[in-house]
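Before any comments, here is the structure.
The values are calculated or read from the model by the stated rules, or taken from the named source; none is laboratory data. Here the structure is a predicted model, which means the values were calculated and not measured. All Cβ positions, even for glycine, are placed from backbone atoms using ideal geometry, and neighbour counts span all protein chains on display. Heads up: the accessible areas ignore ligands, DNA and RNA and are worked out on the full protein's heavy atoms, side chains in. Shrake-Rupley method; radii C 1.70, N 1.55, O 1.52, S 1.80 Å.
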Amino acid sequence: MPTHPLDVGVPLLDSLAVRPWPDPVIDQVGHDPRSAYVEQFWLGILGPSTTWLIRRLVAGLEASPAGYDLHLGHTAAALGLANQQGRNSPFMRSLARCCQFGMARLDGESTLEVRRKLPPLTRRQVERLPEPLRAAHEAWQASELATPPAEALRRRARRLALSLVELGEDLEATERQLTRWRFSPPLAREAAAWAWDRHRRAAGGEAPTPAP
């Protein structure tokens, strides 16, 4: 048996037990891996393979909140990555980057704890962004600071709802998921209806309602 699933030259485990990594701070201020914030600002730091992997890991926790078994070979194939032995395989590099950037951590030999939310970029990470993205991040921060808390919460619920709808969730499933994320039932209902209407209009070629 391998001493560590990321050790060089050690045969890979067939699977890892994925468990949630609760964090009372990041769970409140963080960003869903499928959010526009992650796609715009984290993508260039994590890389596309790692971003898709963390999205898949979190989606699995939504379906199985207590945890689940992740088959490494099947997951690598689903992401279009080779699952060869050793640290330098594309899939294992993506898994290692999840841990390197604090999105996941290994607990023992075969358990991977995964955050449900990604934190905002640190100052150092923002400074390493290309100039247009640095400016966009500054504008995002200014907008967040200028937005009243209730409006900011509504916008966040709408953005998350739209991400869920665009991933194929129906209206009821979107509302349920927002409620699981501790949005109030009225806000979850409003955000899900807004996202579904926007998605329907876009699919029908109509002008979508303005983005939040």
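Considering only residues that are at pLDDT 90 or above and outside any helix (DSSP H, G or I), look in region 33-61 and name the one that is farthest from E169 (Cα to Cα). Give the steps one after another, and end with the answer.
Applying the first criterion (at pLDDT 90 or above) to region 33-61 yields 33, 37-61.
Within this subset, residues satisfying the condition of being outside any helix (DSSP H, G or I) are 33, 47.
Working: P33: 16, G47: 26 Å.
Result: G47.
Here is the figure for region 79-109: residues that are among the polar types (S, T, N, Q), open to solvent by 40 Å² or more (accessible area, probe 1.4 Å) and at pLDDT 90 or above total 1. Restricting region 9-32 to residues that are open to solvent by 60 Å² or more (accessible area, probe 1.4 Å) and more than 15 Å from F91 (Cβ to Cβ) leaves a set whose member that is modelled with the highest pLDDT is R19.
Residues that are in contact with a Ser or Thr (Cβ under 8 Å, 6 or more places away or on another chain), aromatic (F, W, Y), modelled with pLDDT of 90 or more and not in a loop (DSSP other than H, G, I, E, B): does region 64-73 have at least one? Within region 64-73, not a single residue is in contact with a Ser or Thr (Cβ under 8 Å, 6 or more places away or on another chain), aromatic (F, W, Y), modelled with pLDDT of 90 or more and not in a loop (DSSP other than H, G, I, E, B). If you check R155 against the conditions, is it open to solvent by 80 Å² or more (accessible area, probe 1.4 Å) and either modelled with pLDDT of 85 or more or farther than 14 Å from H199 by Cβ (or both)? Against the criterion (open to solvent by 80 Å² or more (accessible area, probe 1.4 Å) and either modelled with pLDDT of 85 or more or farther than 14 Å from H199 by Cβ (or both)), R155 does not qualify. Does at least one position in region 177-197 carry a residue that is under 20 Å from V25 (Cα atoms), open to solvent by 70 Å² or more (accessible area, probe 1.4 Å) and within 22 Å of the chain's Cα centre (by Cα)? Checked against the condition, which is being under 20 Å from V25 (Cα atoms), open to solvent by 70 Å² or more (accessible area, probe 1.4 Å) and within 22 Å of the chain's Cα centre (by Cα), region 177-197 yields at least one hit.
For (1) modelled with pLDDT of 90 or more; (2) small (G, A, S); (3) touching a Ser or Thr at 6+ places or on another chain (Cβ under 7 Å), each residue gets a yes or a no:
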residue: E127; (1), (2), (3): yes, no, no
residue: P148; (1), (2), (3): no, no, no
residue: V165; (1), (2), (3): no, no, yes
residue: P186; (1), (2), (3): no, no, no
